[in-house]
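Just below is one structure, and these are the notes that go with it.
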Amino acid sequence: MDIKILLQFKNQLIKTGNILKEKIKELSKVPEFGEDVSADDEESNETEEFGNQLSVAQNYKEQLAEIDNALKKIESKEYGICEKCGEEISLDVLEVAPESRLCKKCKKLS
């Protein structure tokens, strides 16, 4: 893979990773639940919303792990190689999802 293209993917992965880290940080903040004893419904809604936020944050953490894995592969010169068949991952796949671990053929088989 051309070094210029590789650097573009690296920069894109770093940028996306930083955005995800910020989103995770925001979603993981524990909200201040109301102190009003008679507001059970409100507290229940707040608790449910916080649970939903943690679920979204977990999805972001998984995406971040994929990005970190891709960045490690760039450093070890293994980036863009399918983990299943060992073939090169096409640029059109990497342009859509630069953290891709599989080529088109192997993704279809998964």
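The values are calculated or read from the model by the stated rules, or taken from the named source; none is laboratory data. The structure displayed is predicted, hence computed values, not measured ones. When we count neighbours, we look across all protein chains shown, and the Cβ atoms used for this are built from the backbone with ideal geometry, even at glycine.
Pull out all pairs, ordered by first then second residue, where Cβ-Cβ is under 9 Å, the residues are six or more apart or on different chains, the first lies in region 81-110 and is under 22 Å from K61 (Cα atoms) and without any contact (Cβ under 8 Å) to a residue 24 or more places away in the chain, and the second is hydroxyl-bearing (S, T, Y) and surrounded by 14 or more Cβ atoms within 10 Å (Cβ to Cβ).
Going by the 9 Å Cβ cut-off, the qualifying pairs are V93/S100; K107/S100.
Kindly indicate the residue of region 65-98 that is in a helix (DSSP H, G or I) and in contact with a Ser or Thr (Cβ under 9 Å, 6 or more places away or on another chain) and also surrounded by the most Cβ atoms within 10 Å (Cβ to Cβ) among those meeting that condition.
First pass over region 65-98, keeping only residues in a helix (DSSP H, G or I): 65-75, 91-96.
Cutting the leftovers down to in contact with a Ser or Thr (Cβ under 9 Å, 6 or more places away or on another chain) gives us 66-67, 70, 93-94.
Values: E66: 16, I67: 21, A70: 24, V93: 17, L94: 22.
Once the filter is applied, the top-ranked residue is A70.
Residues are listed down the side, and each one gets a yes or a no for (1) at pLDDT 95 or above; (2) touching a Lys or Arg at 6+ places or on another chain (Cβ under 7 Å); (3) basic (K, R):
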{"position": "I14", "(1), (2), (3)": "yes, no, no"}
{"position": "E32", "(1), (2), (3)": "no, no, no"}
{"position": "D36", "(1), (2), (3)": "no, no, no"}
{"position": "Y79", "(1), (2), (3)": "yes, yes, no"}
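What are the residue pairs meeting all of these: first residue in region 22-49, first residue assigned to a helix (DSSP H, G or I), second residue at pLDDT below 70 and not hydroxyl-bearing (S, T, Y), Cβ atoms under 6 Å, and 6 or more apart or on different chains?
Matching pairs, first to second residue: E42/G34; E43/F33; E43/G34; E46/F33.
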